[in-house]
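All remarks here apply to the structure that follows.
The values are calculated or read from the model by the stated rules, or taken from the named source; none is laboratory data. Since the structure is predicted, the reported quantities are computational estimates derived from the model, not experimental observations. Ideal geometry is used to build each Cβ from the backbone, glycine not excepted, and the neighbour counts take in all protein chains shown.
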Amino acid sequence: MSALKEPKGASFMAVREEALAEYRILNVRIPPTVNYEQDVEWICRSLGFLEARDKRKTAAKIFKFLLEAASRQSGYSSNELAEKIGLTRGTVVHHLNKMMKCGLVIYHEGRYKLRGRSLKGTLGEMERDISRVFENLYKVASTIDETLGLSNR
């Protein structure tokens, strides 16, 4: 196997690009009956926030408070959420950062809020974000296919 040689005058640098956003969508069986608590947990589970190891359902609790704040067109600071839930601010911020990374939650004027005016509106914004990612994937895939002479029929 031949070693990769560095061209003269150039330096190779390993570039590690952080993801601009991360989306995780799981196909989870929808609850059989309408129940606010179960429905909130189902949304969190479907978006990958409520995992089996989260025994206290922290993500769902945070999300529930943010949903209820949205109904008042408000939000919470991380300290307020930590106090309401009875956890450390660091734990709450960890969950909030995951929710922000997928576009579910925003941080505005010192408060964490649902991204849209409603949950349905927020999910619509997330869907548009994901569609833009796929548009870019298709664009680059098309270029790769052209380069390799692959056909798509």
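Filter region 95-115 down to residues that are part of a helix (DSSP H, G or I) and surrounded by 14 or more Cβ atoms within 10 Å (Cβ to Cβ), then give me how many there are. Write out each step before concluding.
Applying the first criterion (part of a helix (DSSP H, G or I)) to region 95-115 yields 95-101.
After this cut, where a residue has to be surrounded by 14 or more Cβ atoms within 10 Å (Cβ to Cβ) as well, the list is 95-96, 98-101.
So the answer is 6.
Within region 17-39, is even one residue within 20 Å of the chain's Cα centre (by Cα), under 21 Å from GLU127 (Cβ atoms) and crowded, with 18+ Cβ neighbours inside 10 Å?
Looking for residues that are within 20 Å of the chain's Cα centre (by Cα), under 21 Å from GLU127 (Cβ atoms) and crowded, with 18+ Cβ neighbours inside 10 Å, one finds none in region 17-39, hence no.
Could you please let me know if LYS101 is touching a Gly at 6+ places or on another chain (Cβ under 9 Å) and in contact (Cβ under 8 Å) with a residue 24 or more places away in the chain?
Numbers: touching a Gly at 6+ places or on another chain (Cβ under 9 Å): no; in contact (Cβ under 8 Å) with a residue 24 or more places away in the chain: yes.
No: the conditions fail for LYS101.
I want to confirm something. Restricting to region 1-34 and keeping residues that are under 28 Å from LEU50 (Cα atoms) and hydrophobic (A, V, I, L, M, F, W, C), which single residue is modelled with the lowest pLDDT?
Here the answer is ALA19.
So, ARG45, is that one of a type in the set (Lys, Arg), crowded, with 16+ Cβ neighbours inside 10 Å and within 19 Å of the chain's Cα centre (by Cα) or not? Outline the logic, then answer.
Details: of a type in the set (Lys, Arg): yes; crowded, with 16+ Cβ neighbours inside 10 Å: yes; within 19 Å of the chain's Cα centre (by Cα): yes.
It is true that ARG45 is of a type in the set (Lys, Arg), crowded, with 16+ Cβ neighbours inside 10 Å and within 19 Å of the chain's Cα centre (by Cα).
For ASN152, state whether it is without any contact (Cβ under 8 Å) to a residue 12 or more places away in the chain, outside any helix (DSSP H, G or I) and loosely packed, with under 13 Cβ neighbours inside 10 Å. So that I can check it myself, show each step before the final result.
Working: without any contact (Cβ under 8 Å) to a residue 12 or more places away in the chain: yes; outside any helix (DSSP H, G or I): yes; loosely packed, with under 13 Cβ neighbours inside 10 Å: yes.
Criteria met by ASN152.
Name the one entry in ARG89, ARG128, ARG132, ARG117 that is touching a residue at least 24 places away in the same chain (Cβ under 8 Å) and not acidic (Asp, Glu). Talk me through it step by step, then tell me what you get.
Details: ARG89 fails: touching a residue at least 24 places away in the same chain (Cβ under 8 Å); ARG128 fails: touching a residue at least 24 places away in the same chain (Cβ under 8 Å); ARG132 fails: touching a residue at least 24 places away in the same chain (Cβ under 8 Å).
Matching residue, one of ARG89, ARG128, ARG132, ARG117: ARG117.
Out of all the residues in region 29-52, which are under 22 Å from LYS84 (Cβ atoms) and basic (Lys, Arg)?
Once the filter is applied, which keeps residues that are under 22 Å from LYS84 (Cβ atoms) and basic (Lys, Arg), region 29-52 yields only ARG45.
Any chance region 67-82 includes a residue that's in a helix (DSSP H, G or I), in contact with a helix residue (DSSP H, G or I) (Cβ under 6 Å, 6 or more places away or on another chain), under 19 Å from ALA21 (Cα atoms) and not aromatic (Phe, Trp, Tyr)?
no
If you go through region 72-90 one residue at a time, how many are more than 13 Å from ILE106 (Cα to Cα) and buried (at least 17 other Cβ atoms within 10 Å of the Cβ)?
Selection size over region 72-90: 4.
Please tell me if LEU50 is under 28 Å from ASN27 (Cβ atoms), within 16 Å of the chain's Cα centre (by Cα) and either not aliphatic (A, V, I, L, M) or not in a helix (DSSP H, G or I) (or both). Let's see the steps before the verdict.
Details: under 28 Å from ASN27 (Cβ atoms): yes; within 16 Å of the chain's Cα centre (by Cα): yes; either not aliphatic (A, V, I, L, M) or not in a helix (DSSP H, G or I) (or both): yes.
Taking the combined requirement at face value, the residue satisfies it.
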